[in-house]
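To keep things clear, I will list the structure first and then write my remarks on it.
The values are calculated or read from the model by the stated rules, or taken from the named source; none is laboratory data. Just so you know, these numbers come straight off a predicted model, no measurement behind them. Cβ placement follows ideal geometry from the backbone for every residue including glycine, while neighbour counts extend to all protein chains displayed.
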Amino acid sequence: MPEPQAASRAILDQISALPPSSRPLVICDVDEVVLHLVRHLRTYLENNGFKLLKQEYRLTNNIAEKASQSALPADAVKRLLQDFLDTQSHAQDLVEGADKTLHALAEDWDVLFLTNLPGAHNRPIRERLLASYGFSFPVLVNSGPKGGAVSALSAGRKEPVVFIDDSPTNHTSVQASLPSAIQIQFIADEPFRSNMTQEAHVDFLTGDWADTLSFINALPRSGG
Ligand SMILES: [Mg+2]
């Protein structure tokens, strides 16, 4: 998809429903950042006769039937992931420390979740699960790369806007739409993270919420 992208109507409608605020903003992804995903996916694949071919941040061309070494076609991966999310997304574990750090940040920052959900039917399930872990931050549902949404969310906010997400695609998109954003690439899964190369536009690559809090607290802030 060409970057930078404009924000979709759907995301602009969700942004206009937020209470007005000029506080600085932390925009935080959910899967693999606040809720474990890869860990659950590994178990799901194992239980259904599949496996990851390589422990690296990639699903297309990286899932195979256990008996074979050949990657499933993209449409089969898509179906498998949809079934995984439909059957497992009510029970994703909290990433250790996410609640503590985000609540500490919320004293000075507005925190909101920006999540890509496959299927609108999963939204109430996700909101209930986040609430069960003590989160009451707004949940905005995006689709596709997040740059347009992050740029629209930043309007009228103090700099810097902080963006936390595991996906390299989303970080590339945010870099194109809002180069001033502080980009934290958070990947909870240790094998996936250790095989990730940090790109120049990523300010901090981590899988640790205490380190993330220290990093954000050390950021220079604009006045006011
Ligand atoms: Mg994610």
Residue count, region 21-35 (criterion: closer than 30 Å to residue 64 by Cα and surrounded by fewer than 18 Cβ atoms within 10 Å (Cβ to Cβ)): 0
Touching a Gly at 6+ places or on another chain (Cβ under 8 Å), free of Cβ contacts under 8 Å to residues at least 60 places away in the same chain, closer than 19 Å to residue 31 by Cα and not aromatic (Phe, Trp, Tyr): does that describe residue 202? no
Collect the residues in region 89-122 that are within 16 Å of the ligand (Cβ to nearest atom) and of a type in the set (Phe, Trp, Tyr), keeping them in residue-number order. 113
Run residue 156 past the list (1) closer than 19 Å to residue 216 by Cα; (2) at pLDDT below 95 and report the number of the one that doesn't hold. (1)
Given (1) at pLDDT 95 or above; (2) within 16 Å of the ligand (Cβ to nearest atom); (3) not assigned by TED's automatic domain parsing to the domain that holds residue 101, index of the condition residue 30 fails: (3)
Failed condition for residue 140, given (1) part of a strand (DSSP E or B); (2) under 21 Å from residue 217 (Cα atoms); (3) of a type outside the set (Gly, Ala, Ser): (2)
How about region 141-180: which of its residues are among the aliphatic types (A, V, I, L, M) and either away from the ligand (no atom under 14 Å from the Cβ) or buried (at least 20 other Cβ atoms within 10 Å of the Cβ) (or both)? 149, 150, 152, 153, 155, 161, 162, 164, 174, 176, 178
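Among 74, 67, 98, which is aliphatic (A, V, I, L, M), free of Cβ contacts under 8 Å to residues at least 24 places away in the same chain and closer than 28 Å to residue 197 by Cα?
Details: 67 fails: closer than 28 Å to residue 197 by Cα; 98 fails: free of Cβ contacts under 8 Å to residues at least 24 places away in the same chain.
When all the criteria are applied, what remains is 74.
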Qualifying residue in region 93-105 (condition: touching a Cys at 6+ places or on another chain (Cβ under 8 Å) and either in a loop (DSSP other than H, G, I, E, B) or assigned by TED's automatic domain parsing to the domain that holds residue 194 (or both)): yes
Looking at region 36-46, can you tell me whether even one residue there is surrounded by 13 or more Cβ atoms within 10 Å (Cβ to Cβ), farther than 17 Å from residue 155 by Cα and more than 16 Å from the ligand (Cβ to nearest atom)? yes
When you go through (1) part of a loop (DSSP other than H, G, I, E, B); (2) touching a Cys at 6+ places or on another chain (Cβ under 9 Å) one by one for residue 188, which number turns out not to apply? (2)
